[in-house]
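See below for the structure under consideration.
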Amino acid sequence: MKKETLLQMHYMMLKIRRVEERILEIFAQGKIPGFIHVSIGQEAVPVGVCSALRPDDYLSNTHRGHGQALAKGADLKRFMAEIYGRKDGYCQGKAGSMHIACNDLGVIGSNGVVGGGIPISLGTAFASVYKGNDRVTVCFFGDGATNEGTFHESLNLAALWNLPVVFCCENNGWAEFTPQKVHTKLENLSIRAESYGMPGVTVDGNDVLIVKEEAEKLIARARKGEGPSLLECKTHRWFGHFAGDAQKYRSAQEIEEVKSFDPILKFQKLLLEKKHLNPKDIEETEAKIKSEIDEAVAFAEKSPIPGIEGLLENVYT
Amino acid sequence: MKEVRYIRAITEALNEEMARDESVFVIGEDVAYPGGSFSATRGLLEEFGERRVKDTPISEAAIVGLALGAATQGLRPVVEIMFMDFLTVCMDQIVNQVAKTRYMFGGQYQVPLVIRTPCGGGLNAGPQHSQCLESWFAHVPGLKVVMPATPYDVKGLLKASIRDDNPVLFVENKALYGLKGEIPEEDYLVPIGKADVKKPGKDVTVVATSRMVHQSLEAARTLFEEGIEVEVIDLRTISPLDKETIFQSVEKTSRLVVAHEAVKTFGVGAEIAAMVAEEMIDCLDAPILRVGAPFTPVPFNLERFYLPNAEDVVRAVKKALAY
Ligand SMILES: Cc1ncc(C[n+]2csc(CCOP(=O)(O)OP(=O)(O)O)c2C)c(N)n1
Ligand SMILES: [Mg+2]
């Protein structure tokens, strides 16, 4: 793999981490309205998957979707302005953290309804087939979402119609405050794929290179017209379900332990070993990211708060 | 002009719009090879092929979601949901996804999507195949709700719905599928959001929807023999509501009856009554009266007691006049 690609992936994982840390900080200061769900600890999944996508491919994101949108190329300023609920945000401040969509990037929208985005991803995939192009759709969702009917309806239909979609389950072991063993009898959710007639794979979602490698195969398959697949990436949610969640349902030991699976440290270690990076490079990357975030936050804070003039706009065309 | 049945007027609309616009496709359970559970999509597969006429598994949420995703990419899906009652199993997709996509994402997408579905009793289809649930959807900003009563309107409105860049819930009526009526030979549209005065009159306004338009016209004929001139307005579109046509009529008659087949309680009639009361109470010479079904599920073999009919309209009109 090219060094630039590896460094870009490193940059993006670090960027997602630092952006979300900053969002948590700002949220705690009361400057961001609404709900925030961070994906800290899960960065390898969107970065691994999106590094295998083309810019014109589609991505259906989730409520925990900051990383997914950024990895697909979301502009940090417009992204941050949306989190702040400002006019210059991707959705003019009507979406917020839970509903970001970036039409120009094929990011078709985070969803506040668990499993709600899965059927919609069939539609962009269908549009590719209908129009005779080879744009692939990646549809993200959590482990909890695989218990929704939409998951099952969608996998069945996608397989039946051979749609170019890769279903990507970001399995962080939790659905809100409920651990996986309380919400399903299965250990590997990817085995569900077989019952719909598509391949399913479970990978270490804390290893960005493994995620990328597997995603590349499945995306290439979809692009060639060989149909959908299910990629389960096992990872960990470091923080609470939402910003401000005290996680009383989780042991202090577990909260500490999951940090030992840090996908960023793991990748950095590898890049350092291979001499693609040295500690100074990491510092520089951190500094670059910090200034980008500072700039984006300043942009968002300067962006106007939407006024009443937009209230009735876009209910209809 | 030519005479066609309501169901064939639908088929014609689909045929013409598919021929006119390559981005229109039809999707639903039993719509392709079987030609539709009520035969609305008959012949489309033969004409347009499997790419554009799609049979699906029994997965309403997946069907509507797929249509939404496709609509955001410039396609114009026409979904058939076999019975209106089954909208319940794709409610999230319709209410939280389809209706909100444009607004929630700040206008980044257009959602030109039509969901066709038949409502109504009269076929002894029982409590889970006979409901009129249009008021649920009219309550959701972002959806348009259309409910035609005649072959002419069903064709013109379906064509207009397919050409509309917003999501439209297109509510047909099973009991009307066999109804015959005249339509022009040439291409025509009926605008969404425009009610139609089906019979002018000066004494009482009856605003009716779907099957109750015909019951109200029958009532008007009966009442005419007694010297009472009823104005029958066919709402045609539930949302957006054509206030203007209703207001103009009530200004003239000062008496209003609303008639629909859905249960009377919390229905479209309540909205119209409230709107008229809010904005033109001084015009009224009598309380606004509603004709609707009783507050029960649609009973299988007691439909004759359940379904509102022309006699109910006659009674309401007389009550309004007697006030
Ligand atoms: C239909 C629906 N039910 C419940 C919720 C509340 N809720 C929000 S996120 C969530 C857990 C989702 O778990 P998972 O799919 O594993 O995603 P994760 O939060 O772990 O990323 C729940 C129950 C919801 N938003 N939508
Ligand atoms: Mg989870």
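The values are calculated or read from the model by the stated rules, or taken from the named source; none is laboratory data. Quick caveat, the model's predicted, so the values are computed rather than measured. Every residue, glycine as well, gets a Cβ built from its backbone with ideal geometry; the counts of neighbours run over all protein chains shown. The accessibility values were calculated without ligands, DNA or RNA, using every heavy atom of the protein model including side chains. Shrake-Rupley method; radii C 1.70, N 1.55, O 1.52, S 1.80 Å.
As for the range B:34-44, it holds no residue that is facing another protein chain (nearest Cβ under 9 Å) and touching a residue at least 40 places away in the same chain (Cβ under 8 Å). Would you call B:Glu12 over 20 Å from B:Glu182 (Cβ atoms) and either in a helix (DSSP H, G or I) or not assigned by TED's automatic domain parsing to the domain that holds B:Val146 (or both)? Criteria not met by B:Glu12.
State whether the residues of the range B:4-16 include one that is in contact with a strand residue (DSSP E or B) (Cβ under 6 Å, 6 or more places away or on another chain) and within 18 Å of A:Gly123 (Cβ to Cβ). No, because not a single residue in the range B:4-16 is in contact with a strand residue (DSSP E or B) (Cβ under 6 Å, 6 or more places away or on another chain) and within 18 Å of A:Gly123 (Cβ to Cβ). Of all residues in the range A:136-154, those that are near ligand 1 (Cβ under 7 Å from one of its atoms) and assigned to a helix (DSSP H, G or I) total 2.
In the range B:70-179, counting only helices (runs of 4 or more DSSP H) that sit wholly within it, the ones holding 3 or more residues that are open to solvent by less than 10 Å² (accessible area, probe 1.4 Å) span B:151-163.
Selection over the range B:273-320 of residues that are open to solvent by less than 30 Å² (accessible area, probe 1.4 Å), over 14 Å from B:Val206 (Cα atoms) and of a type in the set (Val, Ile, Thr) gives a count of 1. When the helices (runs of 4 or more DSSP H) confined to the range A:2-74 are screened for residues that are free of Cβ contacts under 8 Å to residues at least 40 places away in the same chain, out of contact with any Leu (no Cβ under 9 Å at 6 or more places or on another chain) and open to solvent by 10 Å² or more (accessible area, probe 1.4 Å), those reaching at least 3 such residues are found at A:3-28. It is to be established whether one or more residues within the range B:243-262 are among the basic types (Lys, Arg), modelled with pLDDT of 95 or more and within 17 Å of B:Val213 (Cβ to Cβ). The answer is no, given that none of the residues of the range B:243-262 is among the basic types (Lys, Arg), modelled with pLDDT of 95 or more and within 17 Å of B:Val213 (Cβ to Cβ). Residue count for the range B:210-237, restricted to those that are β-branched (Val, Ile, Thr) and open to solvent by 10 Å² or more (accessible area, probe 1.4 Å): 2.
Within the range B:238-259, being among the hydrophobic types (A, V, I, L, M, F, W, C) and either open to solvent by 10 Å² or more (accessible area, probe 1.4 Å) or not in a helix (DSSP H, G or I) (or both) holds for B:Ile238, B:Leu241, B:Phe247, B:Leu256, B:Val257, B:Val258, B:Ala259. In the set A:Gly240, A:Gly227, A:Gly200, only one residue is small (Gly, Ala, Ser) and within 16 Å of ligand 1 (Cβ to nearest atom); that residue is A:Gly240. Considered as a group, the residues in the range A:126-135 that are open to solvent by 20 Å² or more (accessible area, probe 1.4 Å) and either free of Cβ contacts under 8 Å to residues at least 60 places away in the same chain or at positive phi (or both) include one that is farthest from ligand 1 (Cβ to nearest atom), and that residue is A:Gly132. Of all residues in the range A:163-187, which are surrounded by 14 or more Cβ atoms within 10 Å (Cβ to Cβ) and either more than 15 Å from ligand 1 (Cβ to nearest atom) or within 14 Å of chain B (Cβ to nearest Cβ) (or both)? Result: A:Leu163, A:Pro164, A:Val165, A:Val166, A:Phe167.
The sole residue among A:Ile100, A:Ile108 that is surrounded by 24 or more Cβ atoms within 10 Å (Cβ to Cβ) and free of Cβ contacts under 8 Å to residues at least 40 places away in the same chain is A:Ile100.
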